[in-house]
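Any read-out appearing in this document is the output of simple, stated calculations on the displayed coordinates, not a laboratory observation. This one's a predicted model, so the numbers in the text were calculated from it and none came from an experiment. Using ideal geometry, Cβ is built from the backbone for each residue, glycine included, and neighbour counts are taken over all protein chains shown.
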């Protein structure tokens, strides 16, 4: 851990950032070479600034932190204002995501023709009816009714949920460790480029991360202070998450792991039953309504088609066919079956996410901090650290076995931020400088991503 206590950490973070920029240019992921050069120059300048920043400036930063810590309301207000300012600014300049186009169409149809029309108008907007529950399309439509059909106002919904996610991250860090780690984790979350990009987009990923993290926070409190009212509230939070995105179901995987590994969760079985009943009751209402509209089976088919493990199980079932193995292998190599192509695409998506999208999402400059953060959790081996590891490992493995799109990993970003804050503040000689550099490098990457279009992939998503 001596690496974290000298300038080698700062220099390594910058070296990784520059390597990432070079690889973008070399692989042709972007040909905006002038922009890449500007980001590189800024990164080097930021590094020099951080390295040679006077100790007196670091002391003033600590005085500011101490002033914020005198009142928890002041701390939370600071996080909210920072989230709103950053989110609104980036929402006003970021280029449009593909999913936002479909979301805007769906919100317009809901606002003018109603929910049923949006779910059955497959020719106009198949994105909604094929794979998403209704909560946020409805919220987006309400935003359009107030100021008018402008994508910016839809994006404000995600911006407000960024503020909520920062506060929940702070409370999670405080609940697991202490206020200082919670605050550092919330600040570090702002240095993850994907967090800001999705917070400034009219999509459901940041709201999902909010509901997911809030559910885990409240579950931790339930394990310490059991209450049926709290259990009911957790059920509502999970239900809202399920009505946001179906992937919220993975919170039950984390709850199961906590139940298996921690006695405190096994002692509150009756309360967890209440959580499950309330959340599934809310979800069941939507499922019944979706079935009434005739879209439920279509949605489930679409979701299963996106699940990589489903295709693997399907292929295992094919092994009993009479086709000779050699001939079958030859047929598969030349297969044009859409299901085979989908399985191949999911595998390539996993490789693309692991080697390019996720590193860019976290910021490659965070790689040493993430590595040492996870190693420190493994070394400590206490119950609190195990909670973080189960959260990270459970979600990551589940997603790589199903649909490894980098956006779906957003619910683990608060846990990553807490792990980094934990190790940084334990070996704190360069903690302030490392956090400051993370924010500056994150800001430079957001400049690159503001008008981002990936021109090539390291792993083609289609054969």
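With 10 angstrom as the radius, rank 10, 395, 41 by how many other C-beta atoms surround their C-beta, starting from the fewest.
Exposure proxy ranking, most exposed first: 41, 10, 395.
When a/c reaches 1.5 or more, the comparison of a/b and b/c decides; with that in mind, is the range 154-220 rounded, prolate or oblate per its Cα gyration tensor?
oblate
Determine, for each peptide in 169-180, 278-289, the mean count of other beta carbons within 10 angstrom over its residues, then list the peptides with the highest first.
Result, highest mean first: 169-180, 278-289.
For the range 343-463, what class follows from the C-alpha gyration tensor (a ≥ b ≥ c being the square roots of its eigenvalues): rounded when a/c is under 1.5, otherwise prolate if a/b is larger than b/c, else oblate?
oblate
Please tell me the relative contact order of the chain in percent, rounded to the nearest whole number, where contacts are Cα pairs under 8 Å and at least six residues apart.
On the way: 586 pairs, mean separation 117.9, N = 463.
Averaging sequence separation for qualifying contacts and normalising by length gives 25 percent for the chain.
Helix-only mean residue ellipticity at 222 nm, the chain, DSSP H runs n ≥ 4 weighted -39,500 (n - 2.57), per residue, nearest 500. What is it?
Computed ellipticity for the chain at 222 nm equals -24500 deg cm²/dmol.
Could you grab the relative contact order for the range 132-202? Cα pairs under 8 Å, six or more apart, rounded to a whole percent.
Worked out over the range 132-202, it gives 33 percent.
Hey, any idea what Rg/Rh is for the chain, computing Rh the Kirkwood way over Cα pairs?
Values: Rg = 23.0 Å, Rh = 23.6 Å.
In the chain, Rg relative to Rh is 0.97.
Can you give me the relative contact order of the range 376-463 as a percent, contacts being Cα pairs under 8 Å and 6 or more apart?
Numbers: 25 pairs, mean separation 16.7, N = 88.
Relative contact order comes out at 19 percent.
Would you please classify the overall shape of the range 35-128 from the alpha carbon gyration tensor, given that a ≥ b ≥ c denote the square roots of the eigenvalues, rounded means a/c under 1.5, and beyond that prolate means a/b larger than b/c while oblate covers the rest?
Working: a/c = 5.84, a/b = 1.96, b/c = 2.99.
Taking the square roots of the gyration eigenvalues as a ≥ b ≥ c, the range 35-128 is oblate.
Quick one: if you take sqrt(5λ) for each eigenvalue of the C-alpha gyration tensor of the range 114-273, what semi-axes come out, biggest first, whole angstrom?
The answer is 31, 21, 12 Å, longest axis first.
Considering the Cα trace of the range 197-238, what is its radius of gyration and what is Dmax, both in angstroms?
12.6, 37
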